[in-house]
Each structure stands twice: as structure tokens, then as C-alpha cells.
1. Take the conditions acidic (D, E), assigned by TED's automatic domain parsing to the domain that holds T283 and surrounded by fewer than 17 Cβ atoms within 10 Å (Cβ to Cβ) and apply them to D347. Does it pass?
2. Looking at segment 161-203, which of its residues are part of a helix (DSSP H, G or I) and more than 30 Å from K487 (Cβ to Cβ)?
3. Can you find a residue in segment 389-405 that is surrounded by 24 or more Cβ atoms within 10 Å (Cβ to Cβ), more than 30 Å from F502 (Cα to Cα) and either of a type in the set (F, W, Y) or in contact (Cβ under 8 Å) with a residue 60 or more places away in the chain (or both)?
4. From the list D451, D456, which one is in contact with a helix residue (DSSP H, G or I) (Cβ under 7 Å, 6 or more places away or on another chain), surrounded by fewer than 24 Cβ atoms within 10 Å (Cβ to Cβ) and free of Cβ contacts under 8 Å to residues at least 60 places away in the same chain?
5. For segment 408-428, which residues satisfy the criterion of being in contact with a Phe, Trp or Tyr (Cβ under 8 Å, 6 or more places away or on another chain) and within 21 Å of S483 (Cα to Cα)?
6. Which one of R492, R485 is surrounded by fewer than 17 Cβ atoms within 10 Å (Cβ to Cβ) and over 25 Å from D148 (Cα atoms)?
7. Name every residue in segment 204-250 that is in a helix (DSSP H, G or I), within 18 Å of C142 (Cα to Cα), touching a residue at least 24 places away in the same chain (Cβ under 8 Å) and out of contact with any Lys or Arg (no Cβ under 6 Å at 6 or more places or on another chain), in order of residue number.
8. In segment 154-197, how many are among the charged types (D, E, K, R) and under 18 Å from H496 (Cβ atoms)?
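The values are calculated or read from the model by the stated rules, or taken from the named source; none is laboratory data. This is a predicted model, so every value here is computed, not measured. We place every Cβ from the backbone using ideal geometry, glycine too, and count neighbours over all the protein chains shown.
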Amino acid sequence: MSNSGNDKKAPRYIKVHPNDNVAIVVNDDGLPQGAVFPDGLTLIEAIPQGHKTALSDIQKGEAIYRYGQVIGYATRNIPKGSWVEESAVILPKAPDLDHVPIATEKPAPVKRIEGLYFEGYKNPDGTVGSKNLLGLMPSVQCSAGVLDYAAERIKRELLPKYPHVEGVVALDHDYGCGVAINAPGAEVPIRTLKNLASHPNFGGQMIIVSLGCEMLLPEWISSEVNIMKLQEQKGFQAMITRIMAMAEERLEVLEKRRREPCPLSDLVVGVQCGGSDAFSGVTANPSIGYAADLLVRAGSTVMFSEVTEVRDAIHLLTPRAATPEIGAALVREMKWYDNYLARGSADRSANPAPGNRKGGIANIVEKTLGATAKSGTSLISGVLSPGEKVNTKGLIFAATPAGDFVCGTLQLAAGMHVHVFSTGRGNPYGLAMAPVIKVSSRSYIARQWPDLIDIDAGRIAEGEATIEEVGTEIFNYIIDAASGRRKPWVDRHGIHNSLALFNPGPLV
């Protein structure tokens, strides 16, 4: 990455790769026509912050390069110093999944990081939690209203008596009935709910509240916890009384849990981006990738996800598969999602979102090349289908849609302890089950949201920090958050969004 100029008020751009023929404008308010960069490049039209300018004349039909990769082809002649806006870039074809290199990278051995610990909650089944929570889950949406009412009473009347329990979480969802329970695709939400119910942060003390006639039998979610069926109770007050009694029994168990040193090999971290912009791929995401490499070296598990934001860089990821089988699994998940989108008459061009485009991202290829930087440089040691639980260490691709809440829900089901979320446009998203660390790609958004952004990676674009420095800061924050020593802003404010199940199966 090269940053043209050091004076913050002077025109500045970022060129990522020597072969790039475009660069993004760094200055907060963009730059006017006639602005001159230190290398002599002169803008022939005004360009907003984060948007691309042509570093040389680009002829119609010629390739446009960013990150050293083709992000598209020019729809018209683009003069040097002009704005390479979205309509000037035509989307290239996606990589052919049948002809990608697999397991070809053999990186030099890296030194393992030894002797680091976080303070977690050890469970009898050998799992470790990063929070101490009482979990309540409806087996069907019909039960959610009663469960939410009970959860508020538990928080108000019972929780103050158990100071070592960090919260009560009602895992509301919209599944359980009116669904083709045995149809292809139905296994995804079912295994997601099952794995959410057994998340280590609940210490095995989950309560499942059933209606009693739903298609999704509560026993399919868990056979190891007590299940309360509303239709067996004599009225609303009896329902609440029973849930409160079950809660108190479990709170007494959870109250005995204490944090103790756990090796970083017990830690599972999920990474994601949302509200991305053109800076995400050069500041926040590479910094997260650097932290991911440190975690892998320390024995942790790191998950990256978002299939549509991986698909166009799959040819750069399959070489990093640790084995041919893992590479084939990556391709399998890409093909599954291609077919899923095709069934809905959609394709990858539905991404990026309008805000991403406003932030300078022209198309899904450009977004993908920036998004995959979160994966760092480690070999990929495993692949999960949506809703599956992680069962290996190292860097994992956990297949999910790109939507923030769906991705977060599926990463929680996989066993995530800490979520690291990069944003360029801003997003107050939070999860009750795991701390969410917000990393901004621009200093502008960090200044605008000083009580929502935890780490400002925009300092990299400002020339005030390096990727390695910010990545190390993220690494240390992850350990502190997993240990309960630091609370990200969304946890301090209590901003916790509802879970969002991925249900590719039909409704009836």
C-alpha cells in the first residue's frame, strides 16, 4: 500500500499494488477538480473520499486493476485523473470453480506463540465460555412473547441475586412451525438452533420453551436440558411461574462458575465486515487479518465467512487450503451458494449494498478483494457448512450469507467467543451472546462515533499507524474481551440485535 503525501491537508491517495491503475482518494471531504497530488497527478473532476481516480489513461474495454487484480473492465475511455465511478466499471466473470488451484501454497513455517492465556469459564464437557449467561430459547416463534416477558422478570427479580451471572439472553427466532421440516435446506436452521443452544457461554444450563404442537420438536434442539411446554400449563401466570422456577435452578448453578486461565487454543474468534467502504480492504480488514494470523500462531480458531464476499477471490483462497480435501470443500460451498442464488433468480451482482457503493466500492469483485483480507495469510485448516459447529483449530472458512445478523448468528452457532467487526460506513450491530469489537476503516467514522468504535484502523490511511500495530492492538483487545477485562462499546451500551436464522428451505 502506498499513500501519496504526508500532509493531511494535501491531496492524498492510496494505491494498493504496483500494478494498479486506480487509487482511492484519502482526504475526508474528497477533492475538487484541479487538485494536484505530490506526484503531479491532477484531478480533472471532483472525486469523493474513498472513490477511485485513474492513475493513467484507461481505454474502453481495458482492465481496471485494484489490489493487483482485475476488478472490472472500462465501459468507456477513462482519462487520467478522472473519477472511476461505478458506471465506468463492468463486472468481470466470476472465477471458474472447476479450474482453481487447490492446496498449492506451501508457506514458510512460522514461530508459534506460546504461553498466552485468556480468562474463561471451563465447562464440564471440556468447552470454554467467554461469558456466563443464562440462555432461554423458544423452540417455535409462538413461544417467544411469553419467553421475552419471563426474561424481563428474570433480569429484574432474580438476576440481582446472582452477581456472577453476566446476563439473561432470550434467543428469539422465527422458525419452528409453518415450515417443511424434512425438506432440503431445513437442516440448516435446525442444526443452527441446536448448536446455539449448546453454546459454551451458557454452561449447559439452557432453558427451552416449547408451545407443544410445533413441527420442530424441542427434543431435536436438545435432549440434555429441561423443556417446558406452554400448552401443558394452566394459564399465563403458571407459564411464567414455571419458567422463573427453572431459571432460578440454573442461575444457582451458573453462579458457581468463575473465570480461570485457559490457553488461547480454547478461543474461537469470528471476523466479519459490515457497512464496508473502499478503505476497509486497506486498513481495517488487513489489520484484522494480521490479528488472525497471530491468533492462529497461538493455537486459536479464527473463522471468516460471507460466501458472496469470498466467491470472487476463491482462486486466491483455494491455494491456501491445507489439503486438497479442504480446497474441495471450499469449492463445494461456493457451488452450493451459486445454486442457491440461481434458484432465487439472483446472482452475485446483488452485492454490494448502496452504502458500500457510496463508500467507493464499485462492485462485488472490489468488495471481495478487500473483504478477504480479514483472513490473513494462514493456511485454511477447515470448512464449515452453514450452522455447523467448529471442530478443528486454525483458520476456518464458515460458510454463511453476507448479511451481518445472519453471519453473526451462524458464527455463534459454530462456537464463536468473540466477534471482530470492521466497518467503514458505521454499524451499531451487537450480539448478546458474545462481545463485538468494532474496527473502523476510516478515522472519520471513529471521530463521528467515538462511543461506538473500539479501534480506529483509519490511522493507517492517515499515516499514524501501521497494519501490524493496529493488528496487534486488535489481537490484545480480543484476549481482553474474551477475559471480561474490557467491554466493547456495544456491550457497555447493551446494544444487542436479534438473531437471524438462515433458512434456505421452503415455507408451507
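1. Details: acidic (D, E): yes; assigned by TED's automatic domain parsing to the domain that holds T283: yes; surrounded by fewer than 17 Cβ atoms within 10 Å (Cβ to Cβ): yes.
Yes.
2. Once the filter is applied, which keeps residues that are part of a helix (DSSP H, G or I) and more than 30 Å from K487 (Cβ to Cβ), segment 161-203 yields E187, V188, P189, I190, R191.
3. No, segment 389-405 has no match at all.
4. D451
5. Listed by number, the residues that qualify are G408, F421.
6. On the way: R492 fails: over 25 Å from D148 (Cα atoms).
None of the others qualify; the one that does is R485.
7. P218, W220, L230, F236, M239, I240, I243
8. Residues meeting the conditions: 5.
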